[in-house]
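Notes to accompany the following structure.
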Amino acid sequence: MFGYVFKRVLFAIPVLLLMSFLVFSALHLAGGDPLTLLLGPGAPKEVREATRARLGLDKPIPIQFGIYLSNVLRGDFGQSIISKCEVSELIREKLPITLELGAAAFFLSYFLGIPLGVVAAVNRKKFLDWFSMILALIGVSMAGFWLGLVLMYIFGAILKWLPPTGHGGITYLILPALALGLPRVGQIARISRSSVLEVLHQDYIRTARAKGLQERVVLIKHALRNALIPIISLMGLDLGYVIGGSVVTESVFARPGIGFLMLKSIYSRDFPVLQGCMFVLATAIILSNILADVAYVIVDPRIRH
């Protein structure tokens, strides 16, 4: 198991380095100058050049990236150009808000999606199957930002049951979690249904039924456990989805998390903050895929070979 995990971590390092370089290069090659926002359009040329040299923006991009990477390895993401705050402090402050939203949306999507898919598989070609798949199709077709606006309008503006924007207690988390998690329910239900249907036709399921086991025991103990591998592979991708998808959702609901911080950094051309946020999000997505690989081995030890 240790060797398997070690190989996955080794494969992840070049991916993370390549992503960091592409993001770093894209930000610096994009149009716009952060010094204009920092100093104003009427700043003297001498002041602009001195500030550019102080921030290291006058060096070639490969040298800037090398300096940035060496600092990141020491845990130093630099300083915000606009607010002068340490980027690591900003991320440490905003990351729990994003993880809270991501965890709520993740558990919500699987809490609804897996039972919906299992019910559809057990009742194949019956009313519950068609009804479940129609709900799944509606969920897959919905865009998260559109669903967020609809939820805000209905439950926040009209019914006034829940606060439409902001960050606070559990009531502030419900609408963003629904907007981020519900579109994934349909995909999870479809994968769960097809996986359970495939398993239900296996010989060992017929043997379990022939032994007189209750249908509930056959379904939960034998069928569902062996149908988990495709679902677990989807979990690894969904962990990255809910974390990355928080950028749009937090912007819609004005939640002060990593996504909202990234959006502000894009508008202000605050390169250090945006690079730090992207590095943290990419690391979280890569780690989620490594966790999914480890889960494969736990569920089916044949995979390690």
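Only the coordinates and a few stated rules stand behind these numbers; no lab work does. Everything numeric here is computed off the predicted structure, so don't read it as measured data. All Cβ positions, glycine included, derive from the backbone under ideal geometry; neighbour counts span all protein chains shown.
Values for this structure:
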quantity: Percent of alpha-carbon pairs separated by more than 36 Å within the chain; calculated: 33
quantity: Within-15-Å neighbourhood charge of Y68 [Cβ basis; K, R +1; D, E -1]; calculated: -2
quantity: Convex hull volume per residue for region 189-305, taking Cα atoms only, in Å³; calculated: 126
quantity: Dmax and Rg, reported as Rg then Dmax, of region 1-144 (C-alpha, Å); calculated: 24.1, 76
quantity: Ratio of Rg to Rh over region 84-146 (Cα coordinates, Kirkwood Rh, two decimals); calculated: 1.27
quantity: Gap separating the Cα centres of region 237-253 and region 98-153, nearest whole Å; calculated: 16
quantity: In degrees, nearest ten, helix 127-141 long axis to first principal axis of the chain (Cα); calculated: 10
quantity: Helical contribution to [θ] at 222 nm, DSSP H n ≥ 4, -39,500 (n - 2.57), averaged over the chain, rounded to 500; calculated: -24000 deg cm²/dmol
quantity: Burial ordering of R255, R269, fewest other beta-carbon atoms within 10 Å first; calculated: R269, R255
quantity: Helix axis angle, 61-73 relative to the chain longest principal axis, alpha carbon, degrees; calculated: 60
quantity: Per-selection Rg to Rh, region 184-246 - Cα, Kirkwood hydrodynamic radius; calculated: 1.12
